[in-house]
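So the structure is just underneath, and the comments pick up after that.
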Amino acid sequence: MMKTFDAVDVIRHKRDGGELTPEEIDWIIDAYTRGDVGEEQMAAMAMAIFLNGMTRAEIGRWTLAMINSGERMDFSSLPRRTADKHSTGGVGDKITLPLAPLVAAFDVAVPQLSGRGLGHTGGTLDKLESIPGWRANLSNQEVVDMLAGPGCVICAAGSGLAPADKKLYALRDITSTVDCIPLISTSIMSKKIAEGTDSLVLDVKVGSGAFMKDLDKARELARTMVDLGTDHGVKTSALLTDMSTPLGLTVGNALEVRESVEVLAGGGPADVVELTVELAREMLTAAGKPDADVEAALKDGRAMDRWREMIIAQDGDPDAPLPVAKDTHDVVAERDGYLTRLDALSVGVASWRLGAGRARAGEDVQAVAGIELHAKPGDKVVKGQPLMTLHTATPERFERALQTLEGGYDISDEKPAERASVVLDRIS
Ligand code: URA
């Protein structure tokens, strides 16, 4: 029998800086999931956690209680090892799309249970839904069948997986309690541990377009999640990667699918290829295949073959033309020089305002909306040349998007120092 408490007492305990007991944590998560603890009470608890933090013991127990609020998936019947990747979210971050089939090409199963975008960061499912016919919702059996067949699946996390987190994440989103290390790490890791992957690589984003704006905070988040995964028997490591500027040359749904297919065809922008390759190496090493030649599998079509199989198995048509916007607007360079800064957050918010993202959970997004970049930091530009092209199905949105981009980039005479790598650090 689970011990019961009064919600007001448990909230006060945390509000006053105390350490929640395992019994208090188990009770509040269970009672919240069942609806016995109200949204307003959990909102107060989330704010108390935001302000006072959590100990390692509290973080571990909170994660376990969220896992126990739902079901665990079981991939133990598969003849292949499973490896997963999770990104904390960024602008132009389409890496899951080429990465899952690339890793699957080496006979390692990739269960990418993904989410939708909210706010300025894009959602993997929203991107893939721009492929005609593609289906995000699969049953647990279909997920296992995909892993046994094509070897990779990108689909919606079922409602049975950590339901406490589904409620709590939506609540945090409207109470300004998202960007908090204990709440982010328990949210992400409860879903990943419940999913039952053998290993997990975390892509922790750092910079203006990420939750974590500075490297020290990102390191702390990565370390917390790596410890949580390890404590729960999931082989976990993390790469800290740059999100001060968008990844690749496209931001938006269909636009990012187009760029992902370019990468799978052996081309694509250098930063997208680099991060895809680095994350694939990390996942394959964790799965016992450190010598896999991942670059070759992008060049010779093996990853593309897996992509096509995966899309077709989820009722998508990989050969159908992707939707394109009827209305576009170019932003041009106002002077000659070097593009020294292109702010990820400004581009992400502008793309969201063009219709690529949603203001409220459940809204539709536009497949065609987004931003195509024609220059990245370090590139030489000449006056009048397009720096970016805005795309939308609703041209009345151009004005607000353009306002968002004001001050979002700099052009100056001096060539900026080159970024050595998109990967800033590794934590294992
Ligand atoms: N992604 C999640 O799943 N949860 C968070 O709290 C933040 C990002």
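Assorted remarks:
- All C-alpha to C-alpha distances of the chain, sorted into 10 Å bins beginning at zero, yield P(r) values of 5, 22, 31, 26, 13, 3, 0, 0 percent in whole numbers.
- Positive-end residue, segment 136-242 charge dipole about Cα centroid, Cβ charges, pick of Met146, Val234, Thr186: Thr186
- Considering only Ala320, Ala265, Ala286, the Gaussian network model of the chain with Cα springs below 10 Å gives its largest mean-square fluctuation to Ala320.
- Leu161 long-range amide H proximity, modeled H, under 5 Å: Glu71
- Between 0 and 90°, nearest 10: helix 302-313 axis offset from the chain longest Cα axis: 60 degrees
- Carbon-plus-sulfur accessible fraction, segment 193-309 (probe radius 1.4 Å, protein heavy atoms only): 51%.
- Once both labels are positioned 7 Å from their Cα atoms along Cα-to-Cβ, the gap between Thr394 and Lys217 label points is 3.0 nm.
- FRET efficiency for Met1 and Thr175, using Cβ-Cβ distance with R0 set to 30 Å, rounded to 0.05: 0.40
- Interchain or long-range residues, amide H under 5 Å from Met212's placed H: Gly207
- Solvent-accessible area per residue in the chain equals 41 Å², computed with a 1.4 angstrom probe and all protein chains kept.
- For the chain, the share of DSSP beta bridges that are antiparallel, to the nearest 5, is 55%.
- Low-density loop positions, GluC sites (Glu not before Pro), segment 1-48 - DSSP coil, at most 15 other Cβ in 10 Å: Glu19
- Per-residue HN-Hα couplings for segment 122-137 [Karplus 6.51, -1.76, 1.60; θ = phi - 60°; Hz; x = Gly/Pro]: x, x, 4, 5, 4, 5, 5, 5, 7, 7, x, x, 4, 10, 8, 8
- For Ala420 and Asp336, the difference between the fully extended length at 0.36 nm per residue and the C-alpha to C-alpha distance is 27.8 nm.
- The relative contact order of segment 1-41 comes to 44 percent, based on Cα pairs under 8 Å that sit 6 or more residues apart.
- Value of Rg to Rh for segment 1-137 (Rh from inverse mean 1/r over Cα pairs, i.e. Kirkwood): 1.07
- Compared with the dominant principal axis of the Cα atoms in the chain, helix 22-34 is inclined by about 70°.
- Axis angle, to the nearest 10 degrees, between helix 56-68 and the longest C-alpha principal axis of the chain: 90 degrees.
- Here the translational diffusion coefficient of segment 1-53 follows from Stokes-Einstein with Rh set to the Kirkwood radius across Cα pairs; for 4 °C and 1.567 mPa s it amounts to 118 µm²/s.
- Remark on segment 93-185: ratio of C-alpha radius of gyration to 2.2 N^0.38 Å is 1.19.
- Taken about its Cα centre, segment 37-87 carries a charge dipole of about 400 debye when Lys and Arg each add +1 at the Cβ and Asp and Glu each add -1 at the Cβ.
- Value of relative contact order over the chain, rounded to a whole percent, pairs C-alpha under 8 Å and six or more apart: 19 percent
- Estimated inter-spin distance, Val324 and Ala270, nm [label 7 Å along Cα→Cβ]: 2.8 nm
- By accessible area with a 1.4 Å probe, ligands and nucleic acids excluded, highest first: order of Thr285, Thr121, Thr21: Thr285, Thr21, Thr121
- Computed over the Cα atoms of segment 181-277, pair by distinct pair, the Kirkwood hydrodynamic radius stands at 14.7 angstrom.
- Relative contact order (%) - segment 182-241, alpha-carbon pairs under 8 angstrom, separation at least six: 44 percent
- Averaging the Cα positions of each part gives two centres, and for segment 155-202 and segment 334-386 these lie 28 Å apart.
- Semi-axes of the equivalent ellipsoid for segment 206-363, Cα gyration tensor, largest first, Å: 28, 25, 18
- Förster radius 60 Å - calculated FRET efficiency between Val8 and Asp413, Cβ distance, rounded to 0.05: 0.45
- Spin-label pair Ser159/Val382, simplified geometry with 7 Å Cα→Cβ offset, distance in nm: 5.8 nm
- Listed residue (Pro290, Ser421, Val10) projecting farthest to the positive dipole end of the chain, Cβ model: Val10
- Shape of segment 285-428, Cα gyration tensor, a/c cut at 1.5: oblate
The values are calculated or read from the model by the stated rules, or taken from the named source; none is laboratory data. All values reported here derive from a predicted model rather than from experimental measurement. Don't worry about glycine lacking a Cβ; one is built from the backbone with ideal geometry, like all the others, and counts go over all protein chains shown. These area figures cover heavy atoms from the full protein model, side chains too; ligands, DNA and RNA do not enter into them. Shrake-Rupley method; radii C 1.70, N 1.55, O 1.52, S 1.80 Å.
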